[in-house]
Amino acid sequence: MESLYAGGHFSDPFANPPIYSAIALLSFFAIIFGILFKDKLEYQVALWQLNRDSQAQIRYRTPGVILTYSLCCLFTFGFVAACLNVFGLSVVLATCVGGILVLGTAGLVWWQLGSLMALLATGGSQAIDIDSYGAGAVLDPEAVAPTEGE
């Protein structure tokens, strides 16, 4: 029995503490639900593109989009809280800090997503393309060169 323990701790260097497994699983599920959210959002934009005449706005507040975004945020919250716990914060403090960071940011991103979808619906894809505002005109090789008098 002494060979398994060295001073009260496992001597096996390959023992994986449960928190590291939780971090790996939480990050995996956060990424998967983030990809699903992106795909559902792209589907709603494509559906709006096909029905542009009859549909004035992009319907991104569907149950599927909300569910995937919520699950992505929930797993990201768990991931951040577990990572903060590894760095020495208590579980309660890591949960509070992770909640403020992730859930606050998630709310702001959802709010900005609504503005972005409204802008896309009114102005089309050029309304959200930064290059269409002239930011890339200097680097654009196909842009018309200014004349000497300008």
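Since every read-out is calculated from the coordinates, none of them should be taken as a lab result. As the structure is a prediction and not an experimental result, all values here were calculated from the model. FYI the Cβ positions are ideal-geometry reconstructions off the backbone, even for glycines, and counts take in every protein chain you see.
The fewest-to-most ranking of Asp39, Asp53 by surrounding Cβ atoms within 10 Å reads Asp53, Asp39. Across the alpha-carbon atoms of segment 19-128, the computed radius of gyration and Dmax are 16.9, 56 angstrom.
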